[in-house]
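The structure appears below as structure tokens.
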Ligand SMILES: Nc1ncnc2c1ncn2[C@@H]1O[C@H](COP(=O)(O)OP(=O)(O)O)[C@@H](O)[C@H]1O
Ligand SMILES: [Mg+2]
């Protein structure tokens, strides 16, 4: 479904701050794969997701989604295939617009936007139904400005928007990292529910090893712009946090010092 | 009476310009200086087409529409400079503004044109048919302007309610999200700039027809006048919805004209102090929320102290 082929990316090439952020990454996701991605700060996780999403372009390598080579597609054109949720809850929604207006924008992903009314008859009922599945009571607040919502509510809404038109691939970049632990759990549970309901092919970056082990059918660890671990199925199910730490040390020759990753 | 009528008629005409400024400054959150160019483009185009005996156009309404379209081209230029050629928005606007100055002189073939509203050299404007029906010049301007402002606001409101218009509004809010929803933000930005500059040129066209002349330097300070009306509207009425914003800006624009008329009525003031007064008004309106906030905070502290 998603094919990342030998991708390389260097920031600021030819300058003293040159950074080879992605070094020959290849990754194939089958239809319905739910991959969690872990790795220390600066490992290149966000960069890789941005390359898939078209926010950044690779120096070498190709990105193929469902058989379509999208490597040179601009971001907005790729969005037809991709659903995204960002780390910052403010990034996925338009704060000055109402919940229903945000959903209406997401509902038309991939469609030509003409001079028809932005919300048509019957749409609101559908939005209410979908909002109700979040269990946050948002279905009664269709006309409220999104800026009035809490971070968790906004993130849940972003998730709903990213999946309202079923994407070929769902990209999640530490989408629970900015939330308090309880809200983070709610949003993660929602994510699992949505991903399983629709059998979405998902690439989910997380800084929480336990979450990475508990969720999804496959785990990928990145370090210094490379994939240093890729396990799925049975093998993945039996992994422990201790195994991950050991594997990280042997693969990178360093001790896992990232406090952020050890936490929880 | 004359002062009231004058403030209302100018306020109405310039509310179109203020709405244009609102579209870029507030909706798109992109300060667009090309409006200083499109106002003279609108005025100059109108003056030339109305006064030139070799131009076969005799319908002033058609001429006004053409002037507006010319302004939209100015907006398109700024939009392409900014989105496709990646020039920072302020600079893109300035480039269009500077270029417009030369282009307007080309259009007019001189640096100013008179459009006499009365007498043997009277030209036909969008206001003259009402004058012929017996209305005073002033009232004719007010009636025609009200109709045009209402039509423009209704059309704009409807546009912003469409699928594309909704994408335009979202672009100023969160362009990253708009792209993630599959929208090419280049086009939403360009469209917004075109509507904005079209409205400003429309205001320029009506202004030239109202005051009976167009000159190449009449646009200086336009942006500040527009901002003044927008900020007065926001401070006084605190509008929340798009349509309440539109109404508030029209009223704000008229209030601005009253303030100017009163200020310039003071003995020692000169007409050329207009821009200084405008700058002072904008400054006051801008710091007003800050002062009110301080005032409120002090008051609640006092109340808290009393309660304790
Ligand atoms: N836009 C950029 N310009 C320069 N360097 C960048 C940029 N984005 C990321 N980097 C660098 O690339 C490396 C990988 O970053 P990133 O993908 O954000 O890591 P993470 O795995 O924490 O998400 C880091 O060293 C970071 O400093
Ligand atoms: Mg990151």
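What the table shows:
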{"quantity": "Candidates B:127, B:195, B:159 - the one that is in contact (Cβ under 8 Å) with a residue 12 or more places away in the chain and under 17 Å from the mean Cα position of the chain (by Cα)", "calculated": "B:195"}
{"quantity": "Residue match in the stretch A:107-114 (condition: surrounded by 14 or more Cβ atoms within 10 Å (Cβ to Cβ), facing another protein chain (nearest Cβ under 8 Å) and over 26 Å from residue A:156 (Cβ atoms))", "calculated": "no"}
{"quantity": "Qualifying residue in the stretch A:30-46 (condition: within 14 Å of another protein chain (Cβ to nearest Cβ) and within 20 Å of residue A:108 (Cβ to Cβ))", "calculated": "no"}
{"quantity": "Counted residues, the stretch A:18-55 - those being more than 7 Å from ligand 1 (Cβ to nearest atom), part of a strand (DSSP E or B) and over 21 Å from residue A:199 (Cβ atoms)", "calculated": "7"}
{"quantity": "Residue list for the stretch A:79-106, restricted to those being within 7 Å of chain B (Cβ to nearest Cβ), in a helix (DSSP H, G or I) and closer than 22 Å to residue A:174 by Cα", "calculated": "A:106"}
{"quantity": "Qualifying position, being modelled with pLDDT under 95, crowded, with 24+ Cβ neighbours inside 10 Å and within 16 Å of residue B:35 (Cα to Cα), among B:208, B:228, B:203", "calculated": "B:228"}
{"quantity": "Residue A:61 vs. criteria more than 16 Å from ligand 2 (Cβ to nearest atom), more than 28 Å from residue B:185 (Cβ to Cβ) and either free of Cβ contacts under 8 Å to residues at least 12 places away in the same chain or assigned to a strand (DSSP E or B) (or both)", "calculated": "no"}
{"quantity": "Boolean, residue B:194 is touching a helix residue (DSSP H, G or I) at 6+ places or on another chain (Cβ under 8 Å) and at pLDDT below 95", "calculated": "no"}
{"quantity": "Failed item, numbered, when residue A:76 is tested on (1) closer than 26 Å to residue A:138 by Cα; (2) crowded, with 17+ Cβ neighbours inside 10 Å", "calculated": "(1)"}
{"quantity": "Filter result for residue B:142 (in a loop (DSSP other than H, G, I, E, B) and away from chain A (no Cβ under 14 Å))", "calculated": "no"}
{"quantity": "Within the stretch A:195-211, considering residues that are outside any strand (DSSP E or B) and closer than 18 Å to residue A:40 by Cβ, the one farthest from ligand 1 (Cβ to nearest atom)", "calculated": "A:210"}
{"quantity": "Leading residue by the ranking (farthest from ligand 1 (Cβ to nearest atom)) among those in the stretch A:167-188 that are part of a loop (DSSP other than H, G, I, E, B) and within 14 Å of chain B (Cβ to nearest Cβ)", "calculated": "A:168"}
{"quantity": "Among residues of the stretch A:156-183, those that are within 16 Å of ligand 2 (Cβ to nearest atom) and either free of Cβ contacts under 8 Å to residues at least 40 places away in the same chain or closer than 20 Å to residue B:176 by Cα (or both), counted", "calculated": "8"}
{"quantity": "Criterion violated by residue A:118 - all others in (1) over 20 Å from residue B:28 (Cβ atoms); (2) at the interface with another protein chain (Cβ under 8 Å from one of its Cβ atoms); (3) buried (at least 22 other Cβ atoms within 10 Å of the Cβ) satisfied", "calculated": "(1)"}
{"quantity": "Any chance residue A:51 is modelled with pLDDT of 95 or more and within 16 Å of ligand 2 (Cβ to nearest atom)", "calculated": "yes"}
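The values are calculated or read from the model by the stated rules, or taken from the named source; none is laboratory data. Because the structure is a prediction, the values reported are computed rather than measured. No Cβ is skipped: glycine too gets one built from the backbone with ideal geometry, and neighbour counts run over all protein chains shown.
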